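K.L.:
Below is one structure. I have some questions about it.
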Amino acid sequence: MNRRQIFQLLGLGALATTTAVGTRTAMAGNRYYDGPPSDHFDGTRFFNPGGVEPRPFSDVLRWRFGGGGSRAVWPRRVRSPFPQVVPEERVPDLRITMVGHATMLVQAGGLNILTDPVWSERVSPVSFAGPRRVVEPGIGFERLPPIDLVLLSHNHYDHLDVETLARLKAAHDPLVVTPLGNDRIVADAVPGMRLRVGDWGDRIEVPGATIHVEPAHHWSARGLRDRRMALWAAFAVETPVGRIYHVGDTGFHEGINYRAAAAKHGGFRLAILPIGAYEPRWFMAAQHQGPEEAVEGMVLAKAQYATGHHWSTFQLTDEPIDEPGRLLAEALKARGMDRERFRPMLPGEVWDVPGASR
């Protein structure tokens with residue numbers, strides 16, 4: 001095994017950024033959360049009810065070094081077709097600005113929200129290994145408007161970046177809303193961070209919005225000894241300008257969670273859905289949906305519009321950098337849907353979302 005392969009293995013295994021490896025360890029108890037068992041918590045670990053269990057570490061090795069996938073070569077650096085943005089301080093209606101990967105600025109009825117904020121160069125616990133940013137953030141950190149709220153979906157390094165959270169705490173002191181167990185990770189890393197934590201089904205009232213913590217089909221880890229010890233979630237956000245459904249990471253899982261969200265909330269003005277990090281399907285299907293599934297999810301969730309994220313910024317999996325956007329366009333065309341209903345946004349892209357407020 002050469003040096004490059006060793007770094008790849010570090011990024012995929014020990015750093016636990018994208019792959020679901022070994023779920024059973026000798027460690028007793030949960031370091032992040034202590035609560036009663038439920039239909040998605042066994043007293044030590046969280047799980048997806050009726051879902052697929054994470055794959056063993058042997059499958060990680062098969063994928064990366066045993067011919068279990070064909071990895072596309074991404075460029076080391078690319079320039080977004082959209083320049084960096086200086087956002088308005090407040091927006092009266094609904095505007096989305098793509099920062100990169102799962103990080104988006106959502107401006108809704110005067111409220112400024114960041115989803116899974118990452119401004120770091122790597123999504124990794126170390127600076128010398130792990131997936132590296134290939135495109136600059138669509139908003140320079142110093143150009144951010146006042147940030148009121150952070151939606152933090154789960155603890156993988158491409159979603160929970162403690163360095164960025166510390167910068168946000170110092171510059172904006174936002175409220176962070178996150179599912180069970182992630183509050184402990186954030187509080188330990190960023191003392192004094194304002195936090196609200198919820199389980200699936202919980203309703204959290206914040207100034208200017210109501211947030212519902214909803215299921216997603218995923219998993220969690222910051223290393224090899226804390227598998228599924230913190231919960232993962234999606235968010236349904238009620239704002240004065242309509243309902244927003246934000247999904248940080250999810251496998252499609254027969255559309256169960258999308259159907260449930262529509263039944264509970266009656267549809268959404270906007271769905272923010274992942275469209276990348278899906279190849280090879282034999283390995284990724286349970287945890288990352290593809291573009292075709294994202295379109296199906298938009299329909300099942302009864303969303304008027306959708307935006308695609310989780311692509312074109314960090315190479316986590318095997319597909320080419322531009323493939324998610326192309327496949328999304330093909331899926332929309334196959335359904336006879338207008339491409340403007342579901343935008344695969346790139347860093348620096350700004351979208352004033354059409355549609356009547358719900």
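The values are calculated or read from the model by the stated rules, or taken from the named source; none is laboratory data. Given the structure is predicted, the values throughout are model-derived calculations rather than measurements. With ideal geometry, Cβ positions are generated from the backbone for all residues, glycine too; neighbour counts draw on all protein chains shown. Each accessible area value is taken on the protein alone, full model and side chains, heavy atoms only, with ligands, DNA and RNA left out. Shrake-Rupley method; radii C 1.70, N 1.55, O 1.52, S 1.80 Å.
K.L.:
Looking at the range 156-259, which trypsin sites (Lys or Arg not before Pro) are in a loop (DSSP not H, G, I, E or B) and have at most 14 other Cβ atoms within 10 Å? Mind dumping the intermediate values first?
P.N.:
Numbers: sites: Arg167, Lys169, Arg184, Arg194, Arg196, Arg203, Arg222, Arg225, Arg227, Arg228, Arg243, Arg259; in loops: Arg222, Arg225, Arg227, Arg228.
Those satisfying the criteria are Arg225.
K.L.:
Heavy-atom accessible area per residue, the range 122-225, 1.4 Å probe: how many Å²? Could you put the intermediate results ahead of the total?
P.N.:
Values: 3720 Å² over 104 residues.
The answer is 36 Å² per residue.
K.L.:
Quick one: Karplus J couplings for the range 302-309, per residue in order, coefficients 6.51, -1.76, 1.60, θ = phi - 60°, nearest Hz, x for Gly and Pro?
P.N.:
Running phi through 6.51 cos²θ - 1.76 cosθ + 1.60 with θ = phi - 60° gives 6, 8, 5, 9, 8, 10, x, 9 Hz.
K.L.:
While we're looking at this one, here's another question. Please calculate how many Å² of accessible area the range 277-331 carries per residue, with a 1.4 Å probe and no DNA, RNA or ligand atoms counted. It would help to have the intermediate numbers written out before the result.
P.N.:
Details: 1470 Å² over 55 residues.
Per-residue accessible area for the range 277-331 comes out at 27 Å².
K.L.:
List the residues whose amide H sits under 5 Å from the amide H of Asp202, counting only those 5 or more places along or on another chain, with H placed 1.01 Å from N in the peptide plane.
P.N.:
When sequence neighbours closer than 5 places are left aside, the close amide H contacts are Val213.
K.L.:
Determine which aspartates and glutamates satisfy two conditions relative to Lys169: a Cα distance under 17 Å, and not lying fewer than 8 residues away in the same chain.
P.N.:
Asp116, Glu142, Asp148, Asp161, Asp183, Asp188
K.L.:
Distance in nm between label sites at Asp173 and Asp202, each 7 Å beyond Cα in the beta-carbon direction?
P.N.:
2.3
K.L.:
A further question follows. Looking at (i) 0.97; (ii) 0.91; (iii) 1.13, which value of Cα Rg over 2.2 N^0.38 Å comes from a calculation on the structure shown?
P.N.:
(ii)
K.L.:
Still on this structure, I have one more. Apply the Karplus parameterisation 6.51 cos²θ - 1.76 cosθ + 1.60, with θ equal to phi minus 60°, to every residue of the range 236-243 and state each ³J(HN,Hα) to the nearest whole Hz, in sequence, with x for glycine and proline.
P.N.:
9, 10, 8, 10, x, 10, x, 8
K.L.:
Related question: Which is the longest run of the chain containing none of the GluC sites (Glu not before Pro) found in DSSP loop states (not H, G, I, E, B) with at most 15 other C-beta atoms within 10 Å? Present the calculation step by step, with values, prior to reporting the outcome.
P.N.:
Working: sites that count: Glu88, Glu89, Glu121.
Counting only loop sites that pass the neighbour cut-off, the longest clear stretch is 122-358.
K.L.:
Still on this structure: Place +1 on the Cβ of every Lys and Arg and -1 on the Cβ of every Asp and Glu in the chain, take the dipole about the Cα centre, and give the residue among Ile113, His154, Pro56 whose Cα lies farthest towards its positive end.
P.N.:
Pro56
K.L.:
Over the chain, what is the relative contact order in percent, taking alpha-carbon pairs closer than 8 angstrom and at least six residues apart?
P.N.:
Values: 833 pairs, mean separation 69.3, N = 358.
Value for the chain: 19 percent.
K.L.:
Let me ask another. Which percentage, to the nearest 5, of the DSSP beta bridges contained in the chain is antiparallel?
P.N.:
Details: 33 of 56 bridges.
Expressed as a percentage, antiparallel bridges in the chain total about 60.
K.L.:
For the chain, which whole percent of the accessible surface, found with a 1.4 angstrom probe, sits on carbon and sulfur atoms? Present the calculation step by step, with values, prior to reporting the outcome.
P.N.:
On the way: 7200 of 14000 Å².
Exposed carbon and sulfur together represent 51 percent of the surface.
K.L.:
Based on Cβ point charges of +1 for Lys and Arg and -1 for Asp and Glu, what charge dipole magnitude is obtained for the chain about its Cα centre, in debye rounded to the nearest 20?
P.N.:
Working: 41 positive and 40 negative charges, 148 e Å.
Dipole magnitude for the chain comes out near 720 debye.
K.L.:
For the range 69-141, which chymotrypsin sites (Phe, Trp or Tyr not before Pro) are both in a DSSP coil and crowded by at most 15 other Cβ atoms within 10 Å?
P.N.:
Numbers: sites: Trp119, Phe128, Phe141; in loops: Trp119, Phe128.
Filter output for the range 69-141: Phe128.
K.L.:
Need one value: the accessible area of Ser70 in square angstrom, 1.4 angstrom probe, rounded to the nearest 10.
P.N.:
For Ser70, solvent-accessible area is about 100 Å².
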